[in-house]
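The values are calculated or read from the model by the stated rules, or taken from the named source; none is laboratory data. Note that the structure is a prediction, hence the values are computed from the model and not measured. Cβ placement follows ideal geometry from the backbone for every residue including glycine, while neighbour counts extend to all protein chains displayed.
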Amino acid sequence: MAGTPLQSDKSTSTSVILNPLPPSSPSTPPPGWYWSLPYAAMALFIATMAALLWLTYRQDTEEQRATLINDVLWMEQNLSFQFDRNSSQLSQLGPALLSGRTLDSTTAARLKNALDADTGLIRILWLNQDGAVLGAGPPYTDSHLVGEAAGTFPSSSAYRLARSMGRPVYSDAYAVIDNQTQFEAHIPVFDGGRYLGSVVGVYSLNSLLSRQVPWWFSERYRVAVTNTAGTEVAAKSKVSPLSSLNYEMALEPPGHGLTLSITAYKNEVRWIPLLLMGSLGVLATAIVWSLWQLRRHMQRRQAAEQALRAEHAFRKAMEDSLNTGMRARDLKGRITYVNPAFCRMVGWSAEELVGRHPPMPYWAPESLEQTLAVHEMVLKGNAPVQGIEVRLMRRNGERFDALMIEAPLIDSDGKHIGWMGSMVDVTEQNKAQELARQQQERLQATARLVTMGEMASTLAHELNQPLAAISSYNTGCINLIEQGQLPRQELLGILAKIGKQAQRAGQIIRRVHAFVRRSEPKFEPVDLNTILREAVGLVEADAQRQGVSIGLDLASPLPPVAADPVMIEQVAVNLIRNGMDAMANTPRAERQVSLRTRHQDGMLVFSVADRGRGIPPEVAGKLFAPFFTTKEEGMGMGLNICRSIAELHRGRLSFEAHPAGGTIFNFSLPIAP
Ligand code: ADP
């Protein structure tokens, strides 16, 4: 595995999870006119369309006007033609009518034909040379005449004028009953220069209009005739609103101030341009509205983009300022992301690392297999939550310890896409821990040495007595033998005493040996009273020498405690000795060390009370400090070790002033569960 070349998959390295946003382009908002452009274009478009519509309308109106004029001219021509035809017809009838003979059938038929409704003539009169009515068809009557016209029918002025001019003359128009208007055409009839009389055709303006104006013309236009006073004297109209399109012209040939007025009817509502205009308006409104919406949308997007950029910048800043290395891997173990702290730790750049497959360049070759095993464990999802320590290598070959904490990488859809790992360089921390451990060990070794020194002196002290006894018993025996006295019983007694003293010396040595040999505590259920009794046994000789009595007040039975008996004994010995030392100046009779055991608040407590000098406040603060002593030959480690032992047993060592003078040390131990 160590020989596997490093694999790099640069082709896919683009799939870095935290894709950076494109470098922040200067996102200056567009100038104010930028947003007006579409509106201006829109307004221009609408204006153009409106102009187009207006031009079309204008053209339409012009066309209508031209059509009107054409139609009117046609109308006028049609009327003149009809007048001319009537005149010539009347002129041709003249000789027959004025002959004085009864009308023959041909003349009667022609007369009837001339009075046909389409001609506009309603009556034909024929007058003699003097203007008297010779005959009429239909028969002559003046009952229809009203106003000025009454009495002057037929018009004498027109008669005279026609006669004198020798050509057809039209009379003024005049009103008759039923709001009708009439005028006459006087046609003088000559026979080779001799005036025979006149034929008068009476026209009804109303019937003329109704007959001469064809249906298609009256569908489109209102045709009216007005007199000089502007009064409408005849009209052909249907009820329909009129447009402003109007044309007036003199009604020729009658003349005499009659005006033909033609007004176009208002067109049907022109739906197509109207619809066009309406849809144009709707379209324009829709476009403006959608533009406005688009603009709002753009503004919102811009704001969101800005916020995203700020967020991204903030996260990037956070990420860059992290001191914890971060690394993401996909499900196959390929690196997809590393943060700057990670790069700083391992010494490879993000470009070099992203896309790589295991083994990674920062894996230390000597622990490659182990690191690979950790890697596979992570990929299987079995990484311990509290993290795992691995030994890695920087680019410069330097090794370092890293604490890796791995967690599944879940994307925004909740899909597991890989693993996210944080890496902390714990090399310094490990070093510090190791140093502290070594220091602790050294301290313990020193403490043990100190204790050993104490023990050595104690041992010398303790052994001195049995050895002195053995020596004196021995001297006694020698003396007895030298004197030749060999009382068997006495000798046996002395030798038994020597043996006992030797046993005692051996016991002392064993205890001291056991104390020195043990460094690691060995917890076992012990009876506190027994330990205290043994401790008293150890110091008994000293106590006797110093004139100190040791009193025992032991509560019995006591529950067992889980403790190292040798250590507890060491504490007891220390406390008793300190008590005895403190009573150096106490009157001999009062020198007493009282040992007491009791069961209190779930703890077993033993106290050692002395009647010594007590502990002054300035000493109390540093009592447990290592190497603090007020004694000439003291080491100042006793209480320090005692407290360590108490803590080791989850117990407590404290002291208080004795109410009767002196000090009480309390050592409490938790009862074994
Ligand atoms: P050492 O006995 O070697 O001096 P210790 O740590 O046992 O070291 O004690 C430190 C100091 O605490 C002693 O020097 C003494 O001044 C004080 N001391 C300890 N026990 C007592 C006591 N029972 N009464 C008065 N002073 C004491």
Unique match (being free of Cβ contacts under 8 Å to residues at least 60 places away in the same chain and either polar (S, T, N, Q) or on the phi > 0 side of the Ramachandran plot (or both)) among Q64, Q89, Q82:
Q89
Going through G418, G381 one at a time, which residue ends up being buried (at least 18 other Cβ atoms within 10 Å of the Cβ) and over 18 Å from Y362 (Cβ atoms)?
G418
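Yes/no matrix, rows are residues, columns are (1) at pLDDT below 85; (2) farther than 20 Å from Y203 by Cβ; (3) touching a helix residue (DSSP H, G or I) at 6+ places or on another chain (Cβ under 7 Å):
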site: E232; (1), (2), (3): yes, no, no
site: K236; (1), (2), (3): yes, no, yes
site: L245; (1), (2), (3): yes, yes, yes
site: T259; (1), (2), (3): no, no, no
Could you go through the range 264-274 and let me know if any residue there is closer than 30 Å to Y174 by Cα and either in contact with a Cys (Cβ under 9 Å, 6 or more places away or on another chain) or not in a loop (DSSP other than H, G, I, E, B) (or both).
yes
Where a residue in the range 357-369 is closer than 14 Å to F400 by Cα and its partner, wherever it lies, is among the hydroxyl-bearing types (S, T, Y) and crowded, with 18+ Cβ neighbours inside 10 Å, with Cβ under 7 Å and at least six apart
W363/T371
Can you tell me how many residues within the range 269-293 are surrounded by 13 or more Cβ atoms within 10 Å (Cβ to Cβ) and of a type in the set (A, V, I, L, M)?
8
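Looking at the range 159-184 only, could you name the residues that are in a helix (DSSP H, G or I) and modelled with pLDDT under 85? Working first, answer last.
Taking the range 159-184 as the starting set, the residues that turn out to be in a helix (DSSP H, G or I) are 159-165, 177-179.
Within the range 159-184, I177, D178, N179 meet the criteria.
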Hey, could you check the range 184-238 for residues that are closer than 14 Å to T119 by Cβ and small (G, A, S) and say which is nearest to the chain's Cα centre (by Cα)?
S210
Checked the range 385-429 for anything among the small types (G, A, S) and modelled with pLDDT under 90; matches are G387, S412
If I go through the range 542-561 residue by residue, how many of them are touching a strand residue (DSSP E or B) at 6+ places or on another chain (Cβ under 6 Å) and outside any loop (DSSP other than H, G, I, E, B)?
8
Exactly one of (1) near the ligand (Cβ under 9 Å from one of its atoms); (2) modelled with pLDDT under 95 is unmet by T586. Its number?
(1)
Go through the range 85-133 and give me each residue that's buried (at least 16 other Cβ atoms within 10 Å of the Cβ) and either in a strand (DSSP E or B) or within 60 Å of the chain's Cα centre (by Cα) (or both).
L121, I122, R123, I124, L125, W126, L127
Those residues of the range 469-491 which are of a type in the set (A, V, I, L, M) and either part of a loop (DSSP other than H, G, I, E, B) or closer than 26 Å to A541 by Cβ (or both), in sequence order:
A469, I470, I478, L486
